[in-house]
Structures are given as C-alpha cells and as structure tokens.
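Trainee: Take a look at the following structure, please.
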Amino acid sequence: MRFVSTSGSAVPASLKSALFEGLAPDGRLYVPERIEPWEPKEIEALPSMTLSEIGVRVLAPYTADDLAASALGAIVRGALDFPMPLVEIEPGVFALELFHGPTLAFKDVGARVMARLIGALHDGGDPITILVATSGDTGGAVGHAFHGIPNTRVAVLYPNARVSPTQEAQLTMFNGERGGNVRAYAMDGTFDDCQRVVKSAFADTALRARVRLSSANSINVGRLLPQMIYYFHAVARLLEASRPHDRFATPSGNFGNLAAGLMAKRSGLPIGSFVAATNVNDVVPAYLRTGRFEARASIATIANAMDCGNPSNFDRMLWLYDARVDAMRRDISGSAHHDDDVRAAIRRVYEERGYLLDPHSAIAYLGLVATRTGQEHAGVFLATAHPAKFAEVVEPIVGHAIEKPAALAAALAAAGPVVRLEATVDALRARLLTGD
Ligand SMILES: *Cc1c(COP(=O)(O)O)cnc(C)c1O
C-alpha cells in the first residue's frame, strides 16, 4: 500500500517515506491510497480475536509491502502490552479505557506502534532524531514510546515551569540515563517558543545535512493507523457480549482519534455513527452545524489536551467525505461542552456510579449521553486519560486525593534532572550535534 496526500496531487509514497517525512511534499497530510475493506465474515469472527490479533489484522494491509507479517506481529505485541478494557459505567454506557499504557493516555497507543514501525523500517544508517515540541502530554508519550528503540533518538522541547509536576517527571525521567536515547529540554519560554524553535530546526538545511530529523506529532500516519485498532477491539468485545451498539463518542482536539474511527467504519466496522465531542474549542461541531469551517485561536480549558482551534486532521475528514458536509453529518454529530458542565459530569458520575472520569473522558461521556436516542443500543465513549493524570482538576471536584497508578508513581519517583535550554535554534543545534 502506498500513501497519498489528502490533496491527491503529491506523488504516492511508501509507508517508510510517509512515516519518516511526516507531511506530504505538498504540505498536506498523508492518507492511505485506499481503505482496505474487511470481509463480512471477518467482522463476524471479530469476537473470537484478541487485541493483538486485531491489531495485526488492522495494520496488515497498510504495512504488507514494507514489513514481514512476523515483524508486524512483534511490533503490535510489543507496543500494545497493556489492556484496553470496555467498562459499563451505567446501563448501556461503556467507557473504552485507553489509559493503561505507560503515560496513562491514549496517545501511548499510536506513539508506541509508530516508534516500533520507525525502528523496524530504519535502514541502519545514521539514527533518526525525533524532534517534538510539547505543551506537556505528547512529549511524555513520544519519549516513552521511543525509549530503547534502536536507531532512534528523541529530543523533546517543553516550556520550563509551565508543565505540571507529573508531566515534568514523565518528561525528564530519561534525562539522567547514560547513553540513553531520550532527552527533554526545558526551554526558557512558552510552548509557542518551543514550536518556533522546532520549526527553525526543520528549516535549517545545514543542521539537517548532519542530523536526520523527523517529527512524531499526531498528523503522522504512523500514529493514525494504529488508532483504528481500539475501535475494532471495542466492537469485538460488544459482539462477544451480544450487546447491540450504535454510537461511539470521541473526545477531540486535533481530530486524529476521530479520523481513525471514521476510517475503521469505512473499512466495514459496524459503528452506527460518531459523536465529535469537544470543549469550547468547537470548530468542528460548528462546521457540522453551519457547513463553514472557521479556524480560531485556541481557548484554554480544563481538558487542555483538546485545546485546539485549528485541528489538522480535519483535512483527513474532508478527504474521507469528499468535503461534503451532508455526507459527514450522516456519520458524525457534534457536541461541545463548557468546563462547568464537565466538572458537574465528573462529580455526578462519581457520586452516582462511583466511576472517576478525567476531564477529556468526561467530555466524551457528555457527548454520548447528550446524543443518545434510545436505550436499546449501547454506546461507547473513549476514555482517553487516567483521572490521576489530571488530579489538580479532579481532586477538588470529588473532594479527596485519588490513588496514583503504579506507572505514575514510578515516573514521579524517577523524575530526572531538568535540562534548561535557551529558546533558540543555536542552543538546540549544539545539543543535537553532541547528542547530549
Ligand atoms: C490528545 C488528546 C485528546 C485529543 O485527541 P485528538 O486525536 O487530538 O483529537 C483527547 N484526550 C486526551 C487525554 C489527549 O491527550
């Protein structure tokens, strides 16, 4: 399978080029040349498949030209070594818990598969250096995903003193490691400064002649494709339990997660429709309402991993639906939620059901219940982060401390040295060239 640009105009690329380059040469996003349909028989057989079997089957058509089946199996089993339980939190309302990976958020799924794909497809020349700017969460997931992967190196730039203590621990925990391949730099500046420095580094041809740079943000197909896996897995578990289902609600910011769900449906996965659930950064729900897409500056909310006013994966949604809003409306409804409603939902679900939601998962929950029509069909919302990861929001709402899962306690205990760096490309270049 080859990969093309959403514009349809760029020359088709191999999986390896799409992975290593990130963006298509025309600046648009890569998508597979075609979406490979599943046979109805295969869908019927889903309930008997394990998570790794599903993972291999989902990715096989997209990787078969580049990777042997055995290599793909090893990648999937290595990357997805944590459970993704489907939990019925109230009658007919299921949480698909995607937060049991090492950094306790669903980004582990895409990042871990992508890291292993890049490691496996590397040609053995100079190591590839993944350069990523982060406001907190992505950097941790990417650092953990690439840690110990041969032929790869990661440099994460985050704004000094502007990430939570938990995030800082997850970011710095490999800093002290001798010969380690993951480094996080605390830039003297804001997230925008980090992004500016990353952009200048990618534009620096002299630097790029000496260091093979690549990115790992959510527009990379290497993160998109594996995110289809858990939609198949959730439907498998519902079919296994003979629970008729219709709708999936996805908490969305940059819309990679929802785009993957739409691709899963397009491959034949029986999902009735989707809810694009957002915080007040509601450009996609507004588009579904008015037919006009108007990017805006992002607004800060308590679900900050979804604070995005110009979602890049909207491009992939347009590609999937030929830019036809009426067709998109048949498959997706929009639902946007204020912080106060999110807090109220966290409190109510905890008090009535004893289930703790993080702010992002709470938005998906709200999106699902707001659009539920009947009780006969089950609905699923994607729970994208562990509540302990957002303890500063959740604890005041429920009125007590919440228990830290082992991975979080381990990161806090392993926090490494903070490495400060001036927010300039010169300072970064020096680090990248010495590899330190
Ligand atoms: C990144 C993130 C999201 C948004 O996912 P997109 O694919 O960007 O729409 C939702 N929840 C959490 C916890 C995240 O980290």
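Trainee: Take the solvent-accessible surface of the protein heavy atoms, probe 1.4 Å, and return the percent of it on the chain that carbon and sulfur atoms account for.
Mentor: Roughly 51 percent, rounded to a whole number.
Trainee: Sticking with this structure for a sec: Keeping all protein chains in place, calculate the accessible area per residue for segment 4-92 (probe 1.4 angstrom), answer in Å².
Mentor: Working: 4040 Å² over 89 residues.
Per residue, segment 4-92 has 45 Å² of solvent-accessible surface.
Trainee: Suppose we flag GluC sites (Glu not before Pro) only when DSSP calls them loop and at most 16 other Cβ atoms lie within 10 Å. Which is the longest uninterrupted stretch of the chain?
Mentor: Numbers: sites that count: 33, 177, 294, 376, 403, 422.
The reported range is 34-176.
Trainee: Right, here's the next one. Taking a ≥ b ≥ c as the square roots of the eigenvalues of the Cα gyration tensor of segment 297-398, is the shape rounded (a/c under 1.5), prolate (a/b larger than b/c) or oblate?
Mentor: Working: a/c = 2.60, a/b = 1.44, b/c = 1.81.
The shape class here is oblate.
Trainee: With +1 on each Lys and Arg Cβ and -1 on each Asp and Glu Cβ, how big is the dipole of the chain about its Cα centre, in debye rounded to the nearest 20?
Mentor: Details: 42 positive and 46 negative charges, 127 e Å.
Once rounded to the nearest 20, the dipole reads 600 debye.
Trainee: With each label point set 7 Å from Cα along the Cα-Cβ vector, what nm distance links residue 403 and residue 66?
Mentor: The modelled label-to-label distance comes out at 4.1 nm.
Trainee: Could I ask something else about it? Describe numerically, in nm with one decimal, the distance between label points set 7 Å from Cα along Cα→Cβ at residue 88 and at residue 427.
Mentor: Rounded to a tenth, the inter-label distance reads 5.5 nm.
Trainee: Okay, next question. Could you name the lysines whose alpha carbon sits less than 30 Å from that of residue 41, not counting residues in the same chain fewer than 8 places away?
Mentor: Result set, ordered by chain and number: 265.
Trainee: Pairs 107/199; 16/107; 16/404: which exceed 27 Å Cα-Cα?
Mentor: Violating the 27 Å limit, Cα to Cα: 16/404.
Trainee: Moving to a separate point now. Sum -39500 (n - 2.57) across every DSSP H segment of at least 4 residues in the chain, then divide by the residue count to get the 222 nm mean residue ellipticity, nearest 500. Present the calculation step by step, with values, prior to reporting the outcome.
Mentor: Numbers: 20 runs with 192 residues, N = 436.
Helix contribution divided over all residues of the chain: -12500 deg cm²/dmol.
Trainee: Leaving out ligands and nucleic acids, note down the accessible area per residue over segment 143-212 with a 1.4 angstrom probe, in whole Å². It would help to have the intermediate numbers written out before the result.
Mentor: Numbers: 3110 Å² over 70 residues.
Ligands and nucleic acids excluded, the figure is 44 Å² per residue.
Trainee: Modelling each spin label as a point 7 Å along the Cα-to-Cβ direction, I'd like the residue 297/residue 34 distance in nm, to one decimal.
Mentor: It works out to 4.7 nm between the two label points.
Trainee: Determine the per residue accessible area of segment 278-436 with all protein chains present and a 1.4 angstrom probe, expressed in square angstrom. Don't jump to the answer; show the numbers that get you there.
Mentor: Details: 7190 Å² over 159 residues.
Accessible surface, normalised per residue, equals 45 Å².
Trainee: Relative contact order (percent) for segment 236-344, with alpha-carbon contacts under 8 angstrom and 6 or more residues of separation? Working shown, then result.
Mentor: On the way: 160 pairs, mean separation 34.3, N = 109.
Reported as a whole number, the value is 32 percent.
Trainee: When only C-alpha pairs under 8 Å and at least 6 residues apart count, what is the relative contact order of the chain, in percent?
Mentor: Numbers: 845 pairs, mean separation 84.7, N = 436.
Reported relative contact order: 19 percent.
Trainee: Related question: What residue among 381, 99, 191 shows peak mean-square fluctuation when the chain is described by a Gaussian network model with Cα springs under 10 Å?
Mentor: Highest fluctuation among the options: 191.
Trainee: By its C-alpha gyration tensor, with a ≥ b ≥ c as the square roots of the eigenvalues, how is segment 38-179 shaped: rounded for a/c under 1.5, else prolate for a/b larger than b/c, else oblate?
Mentor: On the way: a/c = 2.84, a/b = 1.27, b/c = 2.23.
Judged from the Cα gyration tensor, segment 38-179 comes out oblate (a/c at least 1.5, b/c at or above a/b).
The values are calculated or read from the model by the stated rules, or taken from the named source; none is laboratory data. Treat the numbers as computed from the prediction; the structure is a model and nothing was measured. As a convention, Cβ positions derive from the backbone with ideal geometry for all residues, glycine included, and neighbour counts pool all protein chains shown. The area values use the complete protein model at the heavy-atom level, side chains included, leaving out ligands, DNA and RNA. Shrake-Rupley method; radii C 1.70, N 1.55, O 1.52, S 1.80 Å.
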